[in-house]
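The values are calculated or read from the model by the stated rules, or taken from the named source; none is laboratory data. Just so you know, these numbers come straight off a predicted model, no measurement behind them. All Cβ positions, even for glycine, are placed from backbone atoms using ideal geometry, and neighbour counts span all protein chains on display. What goes into the accessible areas is simple: the full protein's heavy atoms, side chains included, and nothing from ligands, DNA or RNA. Shrake-Rupley method; radii C 1.70, N 1.55, O 1.52, S 1.80 Å.
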Amino acid sequence: MKISINKSIKQIILTLLVCTSGACNIAFAVEGNANGFFNDANSFFQKNIVDGGVDYQALQNNDADLKKLVASMASMDLSKFSKNEQKAFWINAYNLTVINSIIQNWPINSPMDVNGFFDQKKHLIANKKLTINTIENKKLRTVYNDPRVHFVLVCAAMGCPKIIAGAYFPDKLELQLEAQTKSTLNDPYFIRIYAAGKKVLISEIFKWYKADFTGMGKSVVEYINQYRKNKIPVSYRVGYYTYDWTLNNKKKPISMKPKVQVQPAKKSKEVAPKVQDQPAKKMEEVAPKVQDQPAKKMKEVAPKVQDQPAKKMKEIVPEEQVELPHKSEAIPVLVEEIKSKDEKQPLLLVEQVVYLVADTTPEVEDQPSQKAEDLMPEGPSRPLRSEQPINLQEYTPSALLKPGQIEVKLFNNLYTDKASFDENGDIRESSRRQNYFSSFLQTSYGLAPKLNIGIDVIFKSVSLDDDVTSSPFALFAFQNTSNTRTAISYIGPKIKFSPFKKLSGLSVQSTFFIPLASDQQGLFNDKPYLSFDGYQWWVQLFYDQKLSDKFRAFFELDAISYIDRAFEQKNSSLDTPVKGFLSYFLTPKTTLYLLTEWAPTWGEGGIPSYYSQVGVGGKYQLTSNLEIELLYTDFPLGKNKGAGTTYNLGFRFLR
């Protein structure tokens with residue numbers, strides 16, 4: 001007993017000596033520093049996260065707490081942090097940095113609106129300048145080899161898992177990781193099962209980071225199933241739905257009138273009649289997917305509500321309003337189980353809540369039954385979240401580049417005719433074939449969110465052939481003879497901007513072309529006509545309108561001024577082409593479109609000449625940055641213009 005007391009006294013004295021030296025104070029300071037950060041982060045998330053979305057507007061109005069956390073992260077000393085504390089810190093730091101980056105670039109509709117959002121912009125964290133990708137890949141993935149981090153790192157997009165209304169704490173981290181992983185993998189929006197088609201569509205996260213989920217010898221589906229209440233059958237075909245990069249902004253709740261009052265459990269019978277007695281019109285406003293069910297079905301569903309405990313009712317149906325599930329168009333129906341007689345609508349059971357989800361995601365083509373993992377494409381590398389392929393379909397002529405983006409277009413146009421329209425609009429056959437080739441090299445750069453600049457170069461070639469049966473492609477010999485001519489015709493700086501903030505589909509582009517070749521009209525050099533021999537000022541108005549997910553209309557109005565080199569009005573003229581396009585998005589990479597154009601030339605007598613053009617074209621995205629375009633057009637009407645056709649080949653590169 002005496003020996004034990006002596007040991008205790010020695011331990012107390014030793015502790016006092018250590019604390020006196022200052023080491024004890026340092027330890028307490030580190031612990032206090034860590035706890036202070038996690039507590040502040042927890043309060044921030046609780047205040048600004050609403051049902052898995054971020055209240056960016058509120059943060060824009062008051063970002064004092066966010067600035068405090070950003071400053072705290074910048075100077076944080078992690079040398080005394082335990083490994084678990086560091087892991088929790090980096091998870092919170094990732095989510096806070098993403099939110100702060102959105103606020104710094106507000107207003108935006110997606111993190112992808114900011115060039116280099118993930119892989120170029122650097123942030124001071126723990127006394128080091130890091131990109132968001134570096135946090136994910138160098139501070140978390142490669143250090144901890146924990147696939148669950150993918151369900152707690154939120155990249156500010158709707159395609160990400162929900163962000164929780166709280167911080168991740170070191171002493172609770174394991175439980176929090178498990179809970180968030182289970183919640184995400186049982187979310188019917190995140191894992192979309194279609195029983196009728198025996199298929200499942202999963203997030204592209206499982207494709208980009210496949211090795212993270214299969215490192216223990218499991219397939220991706222096996223990894224998912226270990227957290228799911230309702231397992232995915234191994235016979236189901238597996239595909240990926242397109243990642244949604246729309247901003248994960250807080251969503252406004254959908255109000256239900258009259259209110260669904262939550263009564264104590266003993267009065268639960270009174271709840272069901274309130275649901276089934278709603279007029280059909282009101283039900284349509286709230287749950288369009290439910291309206292197709294016969295009235296008796298609603299009665300069958302409603303009684304199930306009364307069996308739910310009052311606590312569960314409050315968890316599922318708020319007293320004053322009902323919100324749609326996060327990131328989906330689904331409508332919750334309060335039942336314990338239900339069998340669908342409509343094979344087209346998949347029914348997903350999650351904790352006694354069935355979601356009727358519209359089958360709007362891309363279908364997986366029928367193929368022989370095989371293991372789910374066999375449908376997972378292999379590859380030497382997986383793209384990071386910031387390196388996802390650009391959807392070039394979104395970059396219509398009216399769209400502006402994001403700051404820092406570069407676009408290069410090469411559009412080649414071959415016009416050929418062996419007839420023309422006279423002043424009465426009648427077609428007159430010609431004794432020779434005329435061939436005109438124009439190649440437009442267009443470069444653009446995103447200077448600001450609503451401002452692009454660039455420069456265009458036009459290369460032209462012409463050939464006149466006395467044999468009307470000759471091939472127009474003979475022009476590509478690019479010779480310079482008495483009947484042929486080739487030259488770099490014009491160079492022009494340009495500016496493109498969006499004049500109206502609320503009219504995002506409208507933009508204006510102005511290009512001033514300076515002639516490079518001399519006597520392009522062939523007035524003095526006995527060469528065939530190549531182009532107008534003067535300045536050209538193009539003012540183009542672009543507007544596009546989305547008609548549906550598959551169709552988009554695009555309009556273009558041009559004012560092309562031909563200005564004499566000596567600025568003499570008599571040798572100048574004005575063209576005002578009007579174009580209309582109807583695009584059909586056959587697949588995410590394939591676009592088909594129809595074209596129509598009417599282009600009058602204005603002179604002293606009104607419209608001395610004009611042409612009309614109709615055509616059909618298509619675009620295909622070859623790679624993540626490269627697109628090819630084919631177009632054929634014909635000139636059915638005109639006045640004092642050629643009655644020909646065009647063959648067009650274009651390429652577009654966007655980075």
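Just a yes or no: is a residue in segment 601-619 over 30 Å from Ile427 (Cα atoms) and surrounded by 15 or more Cβ atoms within 10 Å (Cβ to Cβ)?
Within segment 601-619, the first condition is being over 30 Å from Ile427 (Cα atoms), and the residues that meet it are 619.
Now narrow it down to the ones that are surrounded by 15 or more Cβ atoms within 10 Å (Cβ to Cβ): 619.
Within segment 601-619, one or more residues are over 30 Å from Ile427 (Cα atoms) and surrounded by 15 or more Cβ atoms within 10 Å (Cβ to Cβ).
Could you run through segment 31-45 and say how many residues are open to solvent by less than 60 Å² (accessible area, probe 1.4 Å) and of a type in the set (D, E, K, R)?
Quick first cut of segment 31-45, residues open to solvent by less than 60 Å² (accessible area, probe 1.4 Å) only: 32, 34, 36-38, 41-42, 44-45.
The next check asks that each one be of a type in the set (D, E, K, R); those that pass are none.
Number of matching residues: 0.
Do any helices (runs of 4 or more DSSP H) lying entirely in segment 168-232 carry at least 2 residues that are of a type in the set (Asp, Glu) and out of contact with any Leu (no Cβ under 7 Å at 6 or more places or on another chain), and which ones are they?
Values: elements: 173-185, 205-208, 210-214, 220-225.
Hits in segment 168-232: 173-185.
Considering (1) touching a Ser or Thr at 6+ places or on another chain (Cβ under 6 Å); (2) open to solvent by less than 70 Å² (accessible area, probe 1.4 Å), say which one Arg485 fails and leave the rest.
Unmet for Arg485, out of (1) touching a Ser or Thr at 6+ places or on another chain (Cβ under 6 Å); (2) open to solvent by less than 70 Å² (accessible area, probe 1.4 Å): (1).
Asp466 versus (1) surrounded by 15 or more Cβ atoms within 10 Å (Cβ to Cβ); (2) over 16 Å from Glu407 (Cβ atoms): which is the lone unmet condition?
(1)
Any residue at all in segment 623-634 that is among the aliphatic types (A, V, I, L, M), open to solvent by 50 Å² or more (accessible area, probe 1.4 Å) and under 27 Å from the mean Cα position of the chain (by Cα)?
From segment 623-634, those among the aliphatic types (A, V, I, L, M) are 626, 628, 630-631; that's our starting set.
Of the ones still in play, those that are also open to solvent by 50 Å² or more (accessible area, probe 1.4 Å) are 626, 630.
Narrowing further to those that are under 27 Å from the mean Cα position of the chain (by Cα): 626, 630.
Within segment 623-634, one or more residues are among the aliphatic types (A, V, I, L, M), open to solvent by 50 Å² or more (accessible area, probe 1.4 Å) and under 27 Å from the mean Cα position of the chain (by Cα).
Name the single residue, out of those in segment 151-161 being surrounded by 22 or more Cβ atoms within 10 Å (Cβ to Cβ) and not aliphatic (A, V, I, L, M), that is nearest to Phe118 (Cα to Cα).
Cys155
Which of the residues spanning segment 425-446 are open to solvent by 90 Å² or more (accessible area, probe 1.4 Å) and touching a strand residue (DSSP E or B) at 6+ places or on another chain (Cβ under 8 Å)? If you could, list the steps in order and put the result at the bottom.
Restricting attention to segment 425-446, the residues satisfying the condition of being open to solvent by 90 Å² or more (accessible area, probe 1.4 Å) are 427-429, 431, 445.
Listed by number, the residues that qualify are Ile427, Arg428, Glu429, Tyr445.
Please go through segment 235-265 and pick out each residue that is at pLDDT 90 or above, in a loop (DSSP other than H, G, I, E, B) and surrounded by 13 or more Cβ atoms within 10 Å (Cβ to Cβ).
Taking segment 235-265 first, the residues at pLDDT 90 or above are 235-249.
Applying the additional criterion that residues be in a loop (DSSP other than H, G, I, E, B) yields 235-236, 241-246, 248.
Answer for segment 235-265, where residues must be at pLDDT 90 or above, in a loop (DSSP other than H, G, I, E, B) and surrounded by 13 or more Cβ atoms within 10 Å (Cβ to Cβ): Tyr236, Tyr241, Thr242, Tyr243, Asp244, Trp245, Thr246, Asn248.
Within segment 198-214, how many residues turn out to be of a type in the set (Val, Ile, Thr) and open to solvent by 30 Å² or more (accessible area, probe 1.4 Å)? Don't jump to the end; show me each part of the working.
Step one: list which residues in segment 198-214 are of a type in the set (Val, Ile, Thr), which gives 200, 202, 205, 214.
Next, from what is left, pick out any that are open to solvent by 30 Å² or more (accessible area, probe 1.4 Å): 214.
Final tally of qualifying residues: 1.
Out of curiosity, is Glu178 acidic (Asp, Glu), open to solvent by 20 Å² or more (accessible area, probe 1.4 Å) and in contact with a helix residue (DSSP H, G or I) (Cβ under 8 Å, 6 or more places away or on another chain)?
Working: acidic (Asp, Glu): yes; open to solvent by 20 Å² or more (accessible area, probe 1.4 Å): yes; in contact with a helix residue (DSSP H, G or I) (Cβ under 8 Å, 6 or more places away or on another chain): yes.
So Glu178 fits the description; yes.
Quick one: Gly217 ticks every box in (1) open to solvent by 10 Å² or more (accessible area, probe 1.4 Å); (2) more than 30 Å from Lys80 (Cα to Cα); (3) touching a residue at least 40 places away in the same chain (Cβ under 8 Å) bar one, so which box is it?
So Gly217 meets the others, but not (3).
Is it the case that Phe411 is modelled with pLDDT of 95 or more and either within 25 Å of Leu637 (Cα to Cα) or surrounded by fewer than 17 Cβ atoms within 10 Å (Cβ to Cβ) (or both)?
Details: modelled with pLDDT of 95 or more: yes; either within 25 Å of Leu637 (Cα to Cα) or surrounded by fewer than 17 Cβ atoms within 10 Å (Cβ to Cβ) (or both): yes.
Judged against the criteria, Phe411 is a match.
Report yes if Glu556 is over 19 Å from Ser439 (Cα atoms), in contact (Cβ under 8 Å) with a residue 24 or more places away in the chain and not aromatic (Phe, Trp, Tyr), otherwise no.
Numbers: over 19 Å from Ser439 (Cα atoms): yes; in contact (Cβ under 8 Å) with a residue 24 or more places away in the chain: yes; not aromatic (Phe, Trp, Tyr): yes.
For Glu556, the condition - over 19 Å from Ser439 (Cα atoms), in contact (Cβ under 8 Å) with a residue 24 or more places away in the chain and not aromatic (Phe, Trp, Tyr) - is met.
For segment 2-25, state whether one or more residues are of a type outside the set (S, T, N, Q), assigned to a helix (DSSP H, G or I) and at pLDDT 90 or above.
Applying the first criterion (of a type outside the set (S, T, N, Q)) to segment 2-25 yields 2-3, 5, 7, 9-10, 12-14, 16-19, 22-24.
Checking which are assigned to a helix (DSSP H, G or I) leaves us with 2-3, 5, 7, 9-10, 12-14, 16-19, 23-24.
Still in the list and also at pLDDT 90 or above: none.
Taking every residue of segment 2-25 in turn, none turns out to be of a type outside the set (S, T, N, Q), assigned to a helix (DSSP H, G or I) and at pLDDT 90 or above.
Would you mind listing the strands (runs of 3 or more DSSP E) fully within segment 426-532 where at least 1 residues are aromatic (Phe, Trp, Tyr) and in contact (Cβ under 8 Å) with a residue 60 or more places away in the chain?
Numbers: elements: 427-448, 451-465, 484-497, 506-515.
The qualifying strands (runs of 3 or more DSSP E) are 484-497.
For segment 381-394, state whether one or more residues are at pLDDT 90 or above and either surrounded by 17 or more Cβ atoms within 10 Å (Cβ to Cβ) or touching a helix residue (DSSP H, G or I) at 6+ places or on another chain (Cβ under 9 Å) (or both). Full working, then the answer.
Step one: of segment 381-394, the residues at pLDDT 90 or above are none.
No.
Collect the residues in segment 465-495 that are of a type in the set (Val, Ile, Thr) and farther than 21 Å from Asp533 by Cβ, keeping them in residue-number order. Quick ask: steps written out before the conclusion?
As a first pass, look at segment 465-495 and keep what is of a type in the set (Val, Ile, Thr): 468-469, 481, 484, 486, 488, 491, 495.
Those that are of a type in the set (Val, Ile, Thr) and farther than 21 Å from Asp533 by Cβ: Val468, Thr469, Ile495.
Can you find a residue that is closer than 19 Å to Leu447 by Cα and modelled with pLDDT of 95 or more anywhere in segment 511-531? I'd like the intermediate steps shown before the answer.
Pass one, segment 511-531, residues closer than 19 Å to Leu447 by Cα: 511-512.
This time we only want the ones that are modelled with pLDDT of 95 or more, so: 511-512.
The answer is yes; a qualifying residue exists.
Pairs please, first residue from segment 160-178 and hydroxyl-bearing (Ser, Thr, Tyr) and at pLDDT 95 or above, second anywhere and part of a loop (DSSP other than H, G, I, E, B) and open to solvent by less than 40 Å² (accessible area, probe 1.4 Å), Cβ atoms under 9 Å, 6+ apart in sequence or on different chains.
Tyr168/Val152
Keeping to segment 533-565, report how many residues are surrounded by fewer than 15 Cβ atoms within 10 Å (Cβ to Cβ) and either in a loop (DSSP other than H, G, I, E, B) or among the basic types (Lys, Arg) (or both).
Adding up the residues that qualify gives 6.
Against the condition open to solvent by 50 Å² or more (accessible area, probe 1.4 Å) and either at pLDDT 95 or above or of a type in the set (Gly, Ala, Ser) (or both), how does Leu574 come out, does it pass?
On the way: open to solvent by 50 Å² or more (accessible area, probe 1.4 Å): yes; either at pLDDT 95 or above or of a type in the set (Gly, Ala, Ser) (or both): no.
Criteria not met by Leu574.
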